[in-house]
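Taking it in order: structure first as structure tokens, then the write-up.
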Amino acid sequence: MALVRKTLALLAWIIIEIPTTLFVVFVMIKVYLEERNSKRRTKRGYNVKRA
Amino acid sequence: MGITSKERDTVLRFIERNVRVAPRDLDEGIGTVYERVVIDDYFRDLQKRCNLKNILENPADGVTGVPGMNSLEFARNGATVTLSNPSDKMLDGARAVWVNQGLVDQATFVKCPVDQLPFEDDTFDMVWNYCMFERFKDPSTLVAEMKRVSNRYVLIMTQNVYNWGTMFHKVYHNIGNLEWDHGYDEQMTFPAIRKALREQGMHLLEEGTVDIPPWLDTWDMPLRGVLKQLLGSVGMKWEWKISSPSNGSTNGHAHTANGHSHAHTHPHAANGNGNGNGHATGAGSGTRKSSLPMVNVVRDIEHNLPTWFRKYQAHHLYILAEK
């Protein structure tokens, strides 16, 4: 019984893990790209108010 | 050797950076809220079993979440808590959180180096820290100091290097050219924690794994902002709070967890043999029920995972030792 319970828990964990991991990876890439773009903009002075 | 000045600086930078980006509305994001729910389960049980009334968190931190939140559960269940930390900014942030939670009367905030604590010997029932041990190549002076001011228990909780989120987070630091400020891989393991505690002549009481949700550990990445943005773009509102006064969704789309309402206990704690598979009984404030069914489902899955798998996928490892 314990073995069945553990196997089911493991299966459920893996089934949920795959899409959530893909989503998290997508978000991580998005965060990275946003940070990179923001750094580039700052570097080029786009965020600096000009007189 | 002890703690180097470079390590002290890195820790201080890490803590102050987290204070700067920490949410002030207690919306800590899904991963941190789930983490708090399951770790708080363990804390309630531990507090009852060990009769903990006076606790020191050194150095205190909030890591991905709100500064000073880690020890709140002990105070909710009647303990007095001292938070010590080398950063004024962190302590100020923590004080604001404790005031907000109405528990500041049970808390003391002390600024001091992590391994030079201004307390008498045997002052606290338990001294602990969260994701801080691994930041020091030689944590002996930290652990020795924790032992000195504790009258019985020392608890160390760390990241788990084997969790595969570690790899993603390292890649994230590399491509972003960010300083690796999470500590040493070799210290995020059971053998390292065991060694450090045994070197101080402490007796290991239990060790276990906690926080094993079926999603990637993003470490300190501030995903909540992105999720707010993503949901906002389709007219939905993101909210996932450890402590929400409304205890429910704000517009029908939000997810809200309430830190004052968990029913389950027993994250896997082992007694002595270190296989991480023990059971604890219901504890603390008792009849807490999560307002969020998803938390209960994920927690049930976590509690039934095989031990071998837990060791490799848990976000956190812990060892409780006795003087």
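Rule-based calculations on the coordinates, nothing more; no lab input. In this text, all values refer to a predicted model and were calculated from it rather than measured experimentally. Glycine also receives a Cβ, built like all others from the backbone with ideal geometry; neighbour counts cover every protein chain displayed.
For peptide B:297-305, compute the average count of partner chain beta-carbon atoms within 10 Å of each residue's beta-carbon.
Neighbouring Cβ atoms belonging to other protein chains average 4 per residue here.
With respect to the cross-link table entries B:Lys6/B:Lys53; A:Lys30/B:Lys111; B:Lys48/B:Lys89; B:Lys6/B:Lys111; B:Lys53/B:Lys195; A:Lys6/B:Lys53, which display a Cα-Cα separation exceeding 30 Å?
B:Lys6/B:Lys53; A:Lys30/B:Lys111; B:Lys48/B:Lys89; A:Lys6/B:Lys53
Highest first, please rank the peptides B:118-129, B:190-201 by the mean number of other Cβ atoms sitting within 10 Å of their residues.
B:118-129, B:190-201
Need one value for A:24-33: mean number of C-beta atoms belonging to other chains within 10 Å of its residues' C-beta atoms.
Average per residue, whole number: 6.
One quarter of the convex hull surface, Cα atoms only: what value does that give for region B:100-148 in nm²? Walk me through the numbers on the way to the answer.
On the way: hull surface 17.7 nm².
Over every viewing direction, the Cα hull of region B:100-148 projects on average to 4.4 nm².
Taking region B:40-136, which trypsin sites (Lys or Arg not before Pro) meet the DSSP loop condition and have no more than 15 other C-beta atoms within 10 Å?
In loop regions of region B:40-136 (DSSP not H, G, I, E or B), the sparsely surrounded trypsin sites (Lys or Arg not before Pro) are B:Lys53.
What number do you get for region B:1-141 when its Cα radius of gyration is normalised by 2.2 N^0.38 Å, N = residues?
Relative to the 2.2 N^0.38 Å estimate, region B:1-141 comes out at 1.00.
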